[in-house]
Amino acid sequence: MTTTLNDLIEVDPAPEPPAKPVKAGLLDPRQLLRSVPDALRKLDPRVMWRNPVMFIVEVGAVFTTVLSMAQPSLFAWLITIWLWLTVVFANLAEAVAEGRGKAQAATLRSARQDTVAHLTDGRDIAAPQLQQGDLVIVEAGQVIPGDGDVVEGIASVDESAITGESAPVIRESGGDRSAVTGGTRVLSDRIVVRITQRPGESFVDRMIALVEGANRQKTPNEIALNILLAALTIIFLLAVVTLQPLAIFSKAYQAAAPDTAALDGHGVTGIVLVSLLVCLIPTTIGALLSAIGIAGMDRLVQRNVLAMSGRAVEAAGDVNTLLLDKTGTITLGNRQAASFVPLQGVDPEVLAEAARLSSLADETPEGRSIVALAGGGDVPAPASAQWVPFSAQTRMSGVDLGGRRIRKGAASAVLKWAGVRDAEVDEIVDRISSGGGTPLVVAENDRVLGVIHLKDVVKPGMRERFGEMRRMGIRTVMITGDNPRTAAAIAAEAGVDDFLAEATPEDKIAYIRTEQQGGRLVAMTGDGTNDAPALAQADVGVAMNTGTSAAKEAGNMVDLDSDPTKLIEIVEIGKQLLITRGALTTFSIANDIAKYFAIIPAMFAAVYPGLDTLNIMRLHSPGSAILSAVVFNAIVIVFLIPLALRGVRYRPSSASRLLSRNLLIYGLGGVVAPFLGIKLIDLLIQLIPGI
Amino acid sequence: MAGWLFVLTLIAALVAVYRPFGDHMYRVVSGTRHSAVERGVYRLVGVDASAGQTWGVYARSVLAFSAVSILFLYAFLRVQDRLWLSLGLPAVGDHIAWNTAVSFVTNTNWQAYSGESTMGHLVQMAGLAVQNFVSAGVGIAVAVVLMRGFAARNAETLGNFLVDLTRITLRILLPLSVLFAVVFMVGGVVQNLSGGTDVTTLTGATQHITGGPVASQEAIKELGTNGGGFYNANSAHPFENPSAWTNWVQIFLILLIPFSLPRVFGRMVGQNRQGYAIAAVMAILALGSVALTVGFEIHGAGTVPQAVGAAMEGKETRFGVANSATFAAATTLTSTGAVNSFHDSYTALGGMMPMVNMMLGEVAPGGVGSGLYGMLILATITVFVAGLMVGRTPEYLGKKIQAREIKLASLYFLVTPLIVLGGTAAAFGTGNASTALNEGPHGLSEVLYAFTSAGNNNGSAFAGITVNTPWWDIALGLAMLLGRFLPLILVLALAGSLARRQPVPESDGTLPTHRPLFVGMVAGVTVVLVALTFLPALALGPLAEGLS
């Protein structure tokens, strides 16, 4: 695991600047066109039924179509066309959102080749026939036939088919790097894999289903919002239907008033009633709601995170507590040399040179950091050097240069090798340990020169990032196997709110449970099998793709890049999804005010001329006013598709500031925009003769 | 100037009593020590004061109690001629008795009859006045249950209905009513058991001067936001509301409990600022409404108002325009429905304001209890819509607002438009609106007003329609019944649902529900979501009339 994390850090040395808005998927205009057939297919009432608001619009459109055929007029047909367009635009939003997932799914499908599985008992069967528990042999060049755990051997595996990352990864039996995914290719060596998937339920199958949104379920918040939208629809339906007897009464009272396209002796015409209804019900959010949800999942996919359910994405927005592994997330994967501490009487230069020589061949990050601290590796090592590699038995490494034998390593090992005991060394070693560092003792022959102080280096920018989290109301908790003193030192440096030292898997679960009992939602990442219970307990459990199958099963998200830092981004995406939903709902409802001012005078000014006072937009004619409102109502959906897909701009900040900002843009904007929009459309529409 | 002083002193008085009176009510509804009288009542009805009820049991208790009340009152009215103090009045007719029984039990106090010529003193005192107390008590109790729902954590029970009702009646309503009955007597409101006196006037005609136990009923009529007048003329009658200062006291009493209940809410949820926020929303809407009503009446369009400088028709000269308009706003902003002027005679737009006040759902500050629970549901809807904009799934006071809560809150908002608009459309559809004296927009307003008033349990009337026909009595009776008990059940269910939820601790990421921004949002949602539903209907009524 260390290697992988380290590699990642090499790729992305500094965390992205905090203010960076979550990246947007671009909306390709061609994609709109490509999605048109899908959008038309969705007009099927059995599909539309799932979206009550748009279903009502469709029913209304059918109704006006019939009326237009019975009594054709330009006005009637234009309204009818635009009502149909409203429905189509709504479907288009969903189709575009789904279309982006479909492209991804196609790439994944190509990874799911027909492979033959070589069972350990000698039989060869087709991959789809594999059962759970089957043992298969995979050799260099072959594709792994199904998801499973390596039970024998070690191999490098190309997982680019699912992660997009071309560098091969190591998979070996036992430990936390045993999981392999079907569809990936073994590049070297030979492994035996125990299949853990059920037929047809491989990771790739699940990914395809997820990105296509095939079995997308409405999330709890989406369900609640749908109920509210349905209720609003019913209320407005009621308001429109009950208007009819009142309109008939009013028209009868003012019998001398001329009949108009909106109102005659039989009351408000069906076309206009439907127009009023469609304009009042929350079509904007109704049209975009599912696209927002799909796009939220899609934004995760673009970051190589697979959420197993929309519920998890929503929960990510709600998270109160983030459990972050120290190593790789908060600190750089490895400890770095911070200083050389020479013993009394030892020239610091001598110690530094010895440390440098001993580490020249040490390719671990620790080794490289020692060389860097000692003045760089530009001075080449003597040719006669005999490298002594690190081993678990000796717990030290070093170099032999003729008569000079230099070693560095754990204090006890080096002191034993040198055959000395030194109180001063003990004192330095204790001091470094208690401060959260790791001491490496350096000795030449039988003389101890001093100690290298290795310490955890907190990734740059993390402190600011955690401060930001705090402002968003999220507590960060560092999980580490270090002793409490070390942990406290690093926690203070990184600026996390709390830490869990010497953490065992049980400690993690206990911590999560305590948080949850206080009503808080917890997010964490994990990769090992022993993380699985905690991942399952957490509200948002992000499993690393490098992790074990157990971990991947337990979590509700999988990060294909295996980057624990991404948890922070996941939270931001969750919040962005919810904000987009709220912003467009607010916008949609705020739009109603202007529409009333357009339609009500248009309907009744002929009967009660005084009502023309309400026509504050000074729209051209009753016909143009109603048509403009309907056209605006349809077009605004198309205009907002990119926003729905991209999500509204999100900057981490406190709830109050987010609220004032979004309320200003989407609340006030929602009130003002339709006044301008309807007026503009009216200016164009009045050019049509007869309207 | 006098008008300003009138309103400003009212505001000052309400602000002054907010804390002490709110705290008193909080102690009443949260106390566990019962007086001897209360214990006696519990023993009498056989209730264990410490046994909590789930929302379902609580709702059944409310419904059972109200059903018994309606039946009792109906029977009482039907046999009044055989009882004492009937003043020789006949038994009340069946459809009026039904309408009246429902009207008083639902805290509506719509009066399809004329008090002095229909009801004897015993029915007024032992029938109608009793309901003035307990129907107000029911409203407060239900609001308290909703507050408990917000305050509770993982709780199933929400208090005991009969205990709540008893304590609220004995410790809040009764003492204040006694006190203010005396105040009204001092102010000149009559209080006797006389059947009336016939006097010969200066011109030689005989005039019947009525008497009756008016002052004792007047206090609870306003305090409990009931509004049912002893006399037909209600608070415009000089024996009910003799002077400008008794008028001030009446408005103060109308607003006293509804405006102080947010304090109880704040205390209950442990954050007084939440109470202030709710009170602020109520105040903004109320002040806006009073300003508009008074403005329309003083600067109203029309030949006569322009000539005399204000719309004086239908108003008592001893109150004047501003004080009458303020009363009209107060009585419709709450569920009172008492009147001291004739709303039907208001300018078109001035008369629209009482309707709009009621259409808002009577939440600013609303009827006793019902106003607060209506407002809390509006706040819940606001939290749901706006709460998402802070990037969390919505929560109000730590309680997650999810499908069940939204379902109940949405249904709550469906009920009133359904009754008001459905009823109005039915009246026109069935031709029953033809009893309207006025045609055109004003006639439409009268019908719309009647159903708005009944559906929202207000009880005031635009008049102009003969409503004591069987159709109207039954239709409005149903409107009142459904308009009261459907929302009430939904509120109790919501309380039960909230109480079971584990609260989420507050953090910087939580939507703050006590800041001015949120206050403004709730006011905005109230106007946009609720009032706009009625705009098409209003356009054909008061707007058509007023903008012509």
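Values for this structure:
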{"read-out": "Of residues in segment A:384-420 being of a type in the set (Ser, Thr, Tyr) and within 52 Å of the chain's Cα centre (by Cα), the one surrounded by the most Cβ atoms within 10 Å (Cβ to Cβ)", "value": "A:Ser397"}
{"read-out": "Strands (runs of 3 or more DSSP E) (entirely within segment A:290-342) containing at least 2 residues that are farther than 29 Å from B:Asp508 by Cα and in contact (Cβ under 8 Å) with a residue 24 or more places away in the chain", "value": "A:336-342"}
{"read-out": "Condition check for A:Val211: at pLDDT 90 or above, more than 7 Å from chain B (Cβ to nearest Cβ), buried (at least 17 other Cβ atoms within 10 Å of the Cβ) and part of a helix (DSSP H, G or I)", "value": "no"}
{"read-out": "All helices (runs of 4 or more DSSP H) inside segment A:549-668 with 3 or more residues being in contact (Cβ under 8 Å) with a residue 24 or more places away in the chain and within 13 Å of chain B (Cβ to nearest Cβ)", "value": "A:566-590, A:592-604, A:655-662"}
{"read-out": "Check on B:Phe104, assigned to a helix (DSSP H, G or I) and surrounded by fewer than 20 Cβ atoms within 10 Å (Cβ to Cβ)", "value": "no"}
{"read-out": "Single match in B:Thr466, B:Thr513 (criterion: surrounded by fewer than 23 Cβ atoms within 10 Å (Cβ to Cβ) and not small (Gly, Ala, Ser))", "value": "B:Thr466"}
{"read-out": "Helices (runs of 4 or more DSSP H) fully within segment B:442-548 counting 2 or more residues that are more than 10 Å from chain A (Cβ to nearest Cβ) and in contact (Cβ under 8 Å) with a residue 40 or more places away in the chain", "value": "B:470-500, B:516-525"}
{"read-out": "Residue within segment A:45-52 that is surrounded by fewer than 22 Cβ atoms within 10 Å (Cβ to Cβ), under 29 Å from the mean Cα position of the chain (by Cα) and outside any helix (DSSP H, G or I) present", "value": "yes"}
{"read-out": "Subset of segment A:256-283 that is within 11 Å of chain B (Cβ to nearest Cβ) and not in a helix (DSSP H, G or I) - its residue that is surrounded by the fewest Cβ atoms within 10 Å (Cβ to Cβ)", "value": "A:Gly267"}
{"read-out": "Subset of segment B:41-66 that is of a type in the set (S, T, N, Q) and more than 16 Å from B:Val134 (Cβ to Cβ) - its residue that is surrounded by the most Cβ atoms within 10 Å (Cβ to Cβ)", "value": "B:Gln53"}
{"read-out": "Criterion violated by B:Gly295 - all others in (1) surrounded by 24 or more Cβ atoms within 10 Å (Cβ to Cβ); (2) farther than 20 Å from B:Gln111 by Cα; (3) modelled with pLDDT of 90 or more; (4) not aromatic (Phe, Trp, Tyr) satisfied", "value": "(1)"}
{"read-out": "Selection from segment A:198-208 of residues that are surrounded by fewer than 21 Cβ atoms within 10 Å (Cβ to Cβ) and not in a helix (DSSP H, G or I)", "value": "A:Arg198, A:Pro199, A:Gly200, A:Glu201"}
{"read-out": "Answer from A:Thr525, A:Thr548 - the residue that is crowded, with 18+ Cβ neighbours inside 10 Å, touching a Ser or Thr at 6+ places or on another chain (Cβ under 8 Å) and over 19 Å from A:Arg299 (Cβ atoms)", "value": "A:Thr548"}
{"read-out": "Every residue from segment B:397-432 that is assigned to a strand (DSSP E or B) and either within 8 Å of chain A (Cβ to nearest Cβ) or surrounded by 24 or more Cβ atoms within 10 Å (Cβ to Cβ) (or both)", "value": "B:Lys399"}
{"read-out": "Residues being among the hydrophobic types (A, V, I, L, M, F, W, C), at pLDDT 85 or above and outside any helix (DSSP H, G or I) - total across segment A:343-360", "value": "2"}
{"read-out": "Residue among B:His121, B:His95 that is modelled with pLDDT under 95 and touching a strand residue (DSSP E or B) at 6+ places or on another chain (Cβ under 8 Å)", "value": "B:His121"}
{"read-out": "Hey, A:Gly541 of a type in the set (Gly, Ala, Ser) and either within 19 Å of A:Arg475 (Cβ to Cβ) or in a helix (DSSP H, G or I) (or both) or not", "value": "yes"}
{"read-out": "From the options A:Gly528, A:Gly473, A:Gly481, residue that is within 14 Å of chain B (Cβ to nearest Cβ) and either farther than 22 Å from A:Ala316 by Cα or in contact (Cβ under 8 Å) with a residue 60 or more places away in the chain (or both)", "value": "A:Gly473"}
{"read-out": "Of residues in segment A:214-251 being more than 7 Å from every other protein chain (Cβ to nearest Cβ), part of a helix (DSSP H, G or I) and β-branched (Val, Ile, Thr), the one farthest from A:Thr585 (Cα to Cα)", "value": "A:Ile248"}
{"read-out": "Residue list for segment B:317-329, restricted to those being in a loop (DSSP other than H, G, I, E, B) and either among the β-branched types (Val, Ile, Thr) or in contact with a Pro (Cβ under 6 Å, 6 or more places away or on another chain) (or both)", "value": "B:Thr317"}
{"read-out": "Number of the exception - B:Pro175 against (1) in a helix (DSSP H, G or I); (2) in contact with a Lys or Arg (Cβ under 9 Å, 6 or more places away or on another chain)", "value": "(2)"}
{"read-out": "Options A:Ala594, A:Ala644, A:Ala655; residue that is within 24 Å of the chain's Cα centre (by Cα), crowded, with 24+ Cβ neighbours inside 10 Å and not acidic (Asp, Glu)", "value": "A:Ala644"}
{"read-out": "Selection count, segment A:574-591, where residues are of a type outside the set (Lys, Arg) and touching a Leu at 6+ places or on another chain (Cβ under 6 Å)", "value": "3"}
{"read-out": "Residue that is surrounded by the fewest Cβ atoms within 10 Å (Cβ to Cβ), among those in segment B:2-40 that are free of Cβ contacts under 8 Å to residues at least 12 places away in the same chain and closer than 22 Å to B:Gly270 by Cα", "value": "B:Arg33"}
{"read-out": "Candidate set from segment B:445-471 (those that are under 21 Å from the mean Cα position of the chain (by Cα) and among the aromatic types (Phe, Trp, Tyr)); member that is farthest from B:Tyr346 (Cα to Cα)", "value": "B:Phe451"}
{"read-out": "Residues being on the phi > 0 side of the Ramachandran plot and either within 14 Å of another protein chain (Cβ to nearest Cβ) or of a type in the set (S, T, N, Q) (or both) - total across segment B:362-396", "value": "1"}
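Okay, residues lined up against (1) assigned to a helix (DSSP H, G or I); (2) hydroxyl-bearing (Ser, Thr, Tyr):
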site: B:Glu222; (1), (2): yes, no
site: B:Tyr231; (1), (2): no, yes
site: B:Tyr276; (1), (2): yes, yes
site: B:Thr331; (1), (2): yes, yes
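Yes or no, residue by residue, for (1) in a loop (DSSP other than H, G, I, E, B); (2) under 25 Å from the mean Cα position of the chain (by Cα); (3) surrounded by fewer than 24 Cβ atoms within 10 Å (Cβ to Cβ):
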{"site": "B:Pro365", "(1), (2), (3)": "yes, yes, no"}
{"site": "B:Leu372", "(1), (2), (3)": "no, yes, no"}
{"site": "B:Leu378", "(1), (2), (3)": "no, yes, no"}
{"site": "B:Arg392", "(1), (2), (3)": "yes, no, no"}
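The values are calculated or read from the model by the stated rules, or taken from the named source; none is laboratory data. As the structure is a prediction and not an experimental result, all values here were calculated from the model. Because the Cβ atoms are built from the backbone with ideal geometry, glycine has one as well, and the counts that use them run over all protein chains shown.
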